[in-house]
Amino acid sequence: MSDALTDRTAESIAAAVRGGEASAEEVARAFLARADRTSKRLGSFLHRTPEQAIASARAIDARRAKGERLGALAGVPVALKDNICTRGVPTTCGSRILEGYRPPYDAHVVERLRAADAVFVGKTNCDEFAMGSSTENSAYFPTRNPWDLARVPGGSSGGSAAAVAAREAALALGSDTGGSVRQPAAFCGVYGLKPTYGAVSRYGLVAFASSLDQIGPFARTARDTALLYDAIQGRDERDMTSRPEARPVSLDALEQGVRGLTLGVPRDLLAAEGVAPEIRERFEVASRAFADAGAKIVDVALPHAQYAIATYYLIAPAEASSNLARYDGVRYGLRVPDLDLATMYEATRGQGFGREVKRRILLGTYALSAGYYDAYYLGAQRVRTLIRRDFTEALRSADVLFFPVTPTTAFGIGEKVDDPLAMYLNDIYSIPASLAGVPALSFPAGFGPTGLPIGLQLVGRPFAEETLLRIARAAEAWGDATTRAPAIAREGAA
Ligand code: GLN
């Protein structure tokens, strides 16, 4: 029984809990038992909260027993990336500098999920301050890919992606600044949505690069992704970049199929070197299937997308160097005592931050410094405008853009960790949509010859999350991409 529950969609779990066919407690226990078996080996969680999960599940069951109407995510176990603030529960961002930090407040998304009667099961591992593409930059331990423990789950939200793929949680939240939801989703064979910039409040999300950061859902189906997105989207006055145009996705609309929609393929981007044959092949197979189902496929151009990585790796570190100035040993987490204030700052930051974070602070400080500001930071902002215009233009002739999420399937643990440039180049397909601020979805599109998952990407007009999910939903009918589970999620099953 317990394993059957962990295989169910969030939608069916919530319906069962609301209808009294399953108790929230029984659901929580099933997922907690699964995570007991696998989470240590996967390194998916930095901090699990089983007692709180059982307590909130019981409270939900008690409210149902009293005849109260339960929320859209009634009893659904949800994992949260560890850069999302949870009141009284450790929030470290995978960093030593925030070790022991317990925020005094909940992030907006946490409030929203609580109101929807979700059950939190813990905080997931991530690259330190969300800087990375493999979750190897966590100061605590790396996360492993549930499909092959010798490989990375992607990053920076690798723990969230692994937890959902391994059925340790039905849903999870991550954050995406340059691909950190979409890329791990692709590597782990689950859905990952980066909403339109401004669709989801960043209140309580620890800032990395504020003009790019968005919180996004992980799920195993298009409908579950929509349910989670619906719960967290919408205007919040506490985030001044939060937009009133955001609107929930209609589950019914997801069933409309792809007939009549135009998918634009940026051929120049697809021609990039280093794209693995199995990724190209999956992409071509899916394109043909969309065309057979009635979509129109056209070529589009994103002429400036080739500059996206260079642009991002100036803007994101610049913003990070400013955002991370607050970790000074005074207000949060780690403090290394020393003789005077200046040496205390130095010692705290020196010991508290890892190599990648230091590299970004150095890069960003340099790009912002007098004399270099115009050449680097301002230059990057200008190119960002050109990239944004490319998307506006391409999305005039096409309803959505369609291309891969990553140039390869999941790479090996240790393979790129000593080569920052190789790690950065891996973001070639995820960064352009981040710079443009448009919504982008990674959906499971099947498996490569060695059984590793492959994700493909749909990018839409601002606030067109529904169109992206509708197209991906149609693709679910073609194979086992959303139903096949990694072997580790079957271990110990009755
Ligand atoms: N891999 C990218 C980086 O290292 C993206 C990270 C993210 O989206 N948080 O910055």
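Which whole-number percentage describes the relative contact order of the stretch 305-370, with Cα contacts under 8 Å and a sequence gap of 6 or more? It would help to have the intermediate numbers written out before the result.
Values: 52 pairs, mean separation 30.1, N = 66.
Here the relative contact order equals 46 percent.
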Problem set entry | Set 66/194; 40/66; 81/358; 40/81; 40/194 screened for pairs whose C-alpha atoms are more than 26 Å apart | 66/194; 40/66; 40/194
Seminar exercise, completed: Among 46, 5, 75, the residue whose Cα sits farthest towards the positive end of the charge dipole of the stretch 1-79 (+1 at Cβ of Lys and Arg, -1 at Cβ of Asp and Glu, taken about the Cα centre) is 46
Problem set entry | Measure of compaction for the stretch 284-403 (Cα Rg per 2.2 N^0.38 Å) | 1.59
Seminar exercise, completed: For the stretch 473-480, in residue order, the Karplus 3J(HN,Hα) values (coefficients 6.51, -1.76, 1.60; θ = phi - 60°; whole Hz; Gly and Pro = x) are 4, 4, 6, 4, 6, 7, x, 9
Exercise. Name the trypsin sites (Lys or Arg not before Pro) in the stretch 158-245 that are in a loop by DSSP and that have at most 12 other C-beta atoms within 10 Å, would you?
Worked result: 238
For this session: Between residue 62 and residue 238, take the C-beta separation as r, use R0 = 35 Å, and let me know the FRET efficiency to the nearest 0.05.
Result: 0.70
For this session: Divide by every residue of the chain the summed helix terms, -39500 (n - 2.57) for each DSSP H run of at least 4, and state the resulting mean residue ellipticity at 222 nm, rounded to the nearest 500 deg cm²/dmol.
Result: -11500 deg cm²/dmol
For this session: Starting from the amide H of residue 264, placed 1.01 Å from N in the peptide plane, find each other amide H under 5 Å away whose residue is 5 or more places distant or on another chain.
Result: 298, 399, 400, 401, 402
Seminar exercise, completed: Relative contact order as a percentage, the stretch 210-261, C-alpha pairs under 8 Å and 6+ apart, gives 29 percent
For this session: Starting from the Cα of residue 247, move 7 Å in the Cα-to-Cβ direction to define the label point; list residues of the stretch 171-196 whose amide nitrogen is under 18 Å from there.
Result: 195-196
For this session: Between beta-carbons, use under 12 Å as the cut-off and find the net charge around residue 390, counting Lys and Arg +1, Asp and Glu -1.
Result: +2
Problem set entry | Gyration tensor (Cα) of the stretch 381-494, equivalent ellipsoid semi-axes in angstrom | 29, 22, 10
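What fraction of the Cα pairs in the chain, stated in percent, has a spacing above 31 angstrom?
Details: 46559 of 121771 pairs.
The proportion of pairs with Cα distances above 31 Å equals 38 percent.
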Exercise. How many nm is it between the label spots at residue 267 and residue 115, if each spot is 7 Å from the Cα in line with the beta carbon?
Worked result: 4.8 nm
Exercise. Which aspartates and glutamates does residue 416 reach when only Cα atoms under 19 Å apart count, and residues fewer than 8 places away in its own chain are ignored?
Worked result: 127, 128, 136, 148, 273, 356, 427
For this session: Could you please rank 377, 229, 105, placing first whichever residue has the fewest other Cβ atoms within 10 Å of its Cβ?
Result: 105, 377, 229
For this session: Quick one: what are the phi-derived ³J(HN,Hα) couplings along the stretch 82-87, Karplus 6.51/-1.76/1.60 with θ = phi - 60°, whole Hz, x for glycine and proline?
Result: 6, 10, 10, 5, 10, 4
Exercise. In a Debye calculation with equal point scatterers on the alpha-carbon sites of the stretch 141-211 and no solvent, what is log10 I(q)/I(0) at q = 0.21, 0.22 Å⁻¹?
Worked result: -0.84, -0.91
Seminar exercise, completed: The answer for residue 446, listing residues at least 5 apart or on another chain whose modeled amide H is closer than 5 Å to its amide H, is 454
Exercise. What length, rounded to one decimal in nm, is gained on full extension from residue 381 through to residue 339, with 0.36 nm per residue of separation minus their alpha-carbon distance?
Worked result: 11.0 nm
Seminar exercise, completed: Listing 54, 387 by rising number of other beta-carbon atoms within 10 angstrom, fewest first, gives 54, 387
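Each value in this text was obtained by applying a stated rule to the coordinates, not by laboratory testing. Just so you know, these numbers come straight off a predicted model, no measurement behind them. A quick note on method: Cβ atoms are made from the backbone with ideal geometry, for glycine too, and the neighbour counts reach across all protein chains shown.
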